[in-house]
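Read-outs throughout are calculated quantities, based only on the coordinates presented, and are distinct from any laboratory measurement. If you're wondering where the values come from, they're calculated on a predicted model, not measured in any experiment. Here Cβ is always computed from backbone atoms with ideal geometry, including for glycine, and neighbour counts include all displayed protein chains.
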Amino acid sequence: MFTTALAQRENTQLGELPLDLFAAIQSLKKELNAVILAHYYQEPDIQDIADFIGDSLQLAKAAEKTNADAIVFAGVHFMAETAKILNPDKLVLLPDLDAGCSLADSCPPEAFTAFKAAHPNHLVVSYINCSADIKAMSDIICTSSNAVKIVEQIPKEQPIIFAPDRNLGRYVMEQTRRDLVLWQGSCVVHETFSEKKIVQLKIAYPEAEAIAHPECESSVLRHASFIGSTAALLKYCQNSPTKEFIVATEPGIIHQMQKLAPDKHFIPAPPMNNCACNECPFMRLNTLEKLYWAMKNRTPEITMSEDIRLAALRPMQRMLEMSL
Ligand code: 13P
Ligand code: SF4
């Protein structure tokens, strides 16, 4: 765990890094009375130093409950924003402010305003992977672990807009057997998996089970024997008697899978090309070094207007109430 952290690292832009980065981060944590929350897609060193690792819903709940004065969010911008929406008085730090999300970016507020206007009387259910502006325009937020459960609680006659992920939306439509008006956004990572290569892997590893995140396209989902959020995929691998899995989601999760089920074999689902594009380029902008600098300099900090925060808080609270 400490091998990379113990190596002396330098960041010429920001000054010299301490020799033991893990120890320095622990000491800054005490100084700031901070909690480090990390998503499963973060690099292994960050996962190892985090106080809490989780999927989007678990992280939102952890942010809601924390007594710390500062939240260091090792994830992407919309996740840190969610923590700020729930904790206006806390310092919320994101190691790299450029850690965005293709899905959140696919739904700009102006275009979404027009989309809503074109569908009057629709309730807006938005996936948490969206900006605070979009949350503020929504009625209920959901994550990949509670989207089906939330839509099922809405009366059948109520028309619904589901934004911004068309793949998760289509999956929810299938599971709930309802018609949803879908915003056509998607995740660059989950749309990169190759159906052909997954089929080839299934032939090469006949004992392996394919598991997938619902942000994947239906051509990939149809080969999966289990579909769920990152936390659900992790739990499934732990509890299943199967020993080999083809994992169609960001491979950062495999660090925890391997830790919790060391006797099992996890094969990352391959992307279309021979690239590393199954790794989220936004999540991977955060590094242990940037996490250290963020804590040391108390920046970059997440801020937002109180109007937007309050408007975004209401649908967040509805989600938390509906997913108890
Ligand atoms: P979950 O954390 O809900 O599994 O979503 C995965 C994801 O893409 C986060 O950006
Ligand atoms: Fe966004 Fe996809 Fe990266 Fe998640 S994995 S942060 S949805 S781009």
Q: Please go through the range 155-207 and pick out each residue that is touching a residue at least 60 places away in the same chain (Cβ under 8 Å), of a type in the set (Val, Ile, Thr) and farther than 30 Å from Thr242 by Cα.
A: Val181
Q: Report yes if some residue within the range 90-104 is part of a strand (DSSP E or B) and among the polar types (S, T, N, Q); otherwise report no.
A: no
Q. When both residues are 6+ apart or on different chains and their Cβ atoms are under 8 Å apart, which pairs have a first residue that lies in the range 103-130 and is within 12 Å of Ile161 (Cβ to Cβ), and a second that is of a type outside the set (Lys, Arg) and exposed (fewer than 14 other Cβ atoms within 10 Å of the Cβ)?
A. Leu123/Gln158
Q | Residue that is surrounded by the most Cβ atoms within 10 Å (Cβ to Cβ), among those in the range 243-269 that are part of a loop (DSSP other than H, G, I, E, B) and touching a helix residue (DSSP H, G or I) at 6+ places or on another chain (Cβ under 9 Å) | A | Thr249
Q) Could you say which residue among Ser219, Ser240, Ser229, Ser225 is within 13 Å of ligand 2 (Cβ to nearest atom) and either within 30 Å of Asp96 (Cα to Cα) or not hydrophobic (A, V, I, L, M, F, W, C) (or both)? A) Ser229
Q. Just checking, which of Gly185, Gly169 is touching an Asp or Glu at 6+ places or on another chain (Cβ under 7 Å) and buried (at least 19 other Cβ atoms within 10 Å of the Cβ)?
A. Gly185
Q | Count of the range 76-113 residues which are away from ligand 1 (no atom under 14 Å from the Cβ) and of a type in the set (Ser, Thr, Tyr) | A | 1
Q) Does Gln153 fit the bill of being surrounded by fewer than 18 Cβ atoms within 10 Å (Cβ to Cβ) and within 21 Å of the chain's Cα centre (by Cα)? A) no
Q) Quick one: would you say Ile25 is touching a residue at least 12 places away in the same chain (Cβ under 8 Å), closer than 21 Å to Met283 by Cβ, touching a helix residue (DSSP H, G or I) at 6+ places or on another chain (Cβ under 8 Å) and away from ligand 2 (no atom under 16 Å from the Cβ)? A) yes
Q. On the given criteria, is Ile160 more than 14 Å from ligand 2 (Cβ to nearest atom), more than 18 Å from the chain's Cα centre (by Cα) and over 30 Å from Lys116 (Cα atoms)?
A. no
Q | Qualifying residues in the range 270-292 (those that are within 14 Å of ligand 2 (Cβ to nearest atom) and part of a helix (DSSP H, G or I)) - the one nearest to the chain's Cα centre (by Cα) | A | Met283
Q: Collect the residues in the range 49-76 that are in a helix (DSSP H, G or I), in contact (Cβ under 8 Å) with a residue 40 or more places away in the chain and within 16 Å of ligand 2 (Cβ to nearest atom), keeping them in residue-number order.
A: Ser56, Leu57, Gln58, Ala60
Q: Read through the list (1) more than 16 Å from ligand 2 (Cβ to nearest atom); (2) hydrophobic (A, V, I, L, M, F, W, C); (3) within 23 Å of Lys149 (Cα to Cα); (4) in contact with a Phe, Trp or Tyr (Cβ under 9 Å, 6 or more places away or on another chain), then give the number of the only condition that Ala212 fails.
A: (1)
Q.
Take Ile203 and tell me if it is part of a helix (DSSP H, G or I), among the β-branched types (Val, Ile, Thr), surrounded by fewer than 18 Cβ atoms within 10 Å (Cβ to Cβ) and on the phi < 0 side of the Ramachandran plot.
A. yes
Q | Residue list for the range 71-82, restricted to those being under 18 Å from Gln47 (Cα atoms) and of a type in the set (A, V, I, L, M, F, W, C) | A | Ile71, Val72, Phe73, Ala74, Val76, Met79, Ala80
Q: Could you pull out the residue among Ala294, Ala208, Ala212 that is in contact with a strand residue (DSSP E or B) (Cβ under 6 Å, 6 or more places away or on another chain) and within 16 Å of ligand 1 (Cβ to nearest atom)?
A: Ala212
Q: Look at Lys149 and say whether it is within 22 Å of Gln47 (Cβ to Cβ) and more than 16 Å from ligand 2 (Cβ to nearest atom).
A: no
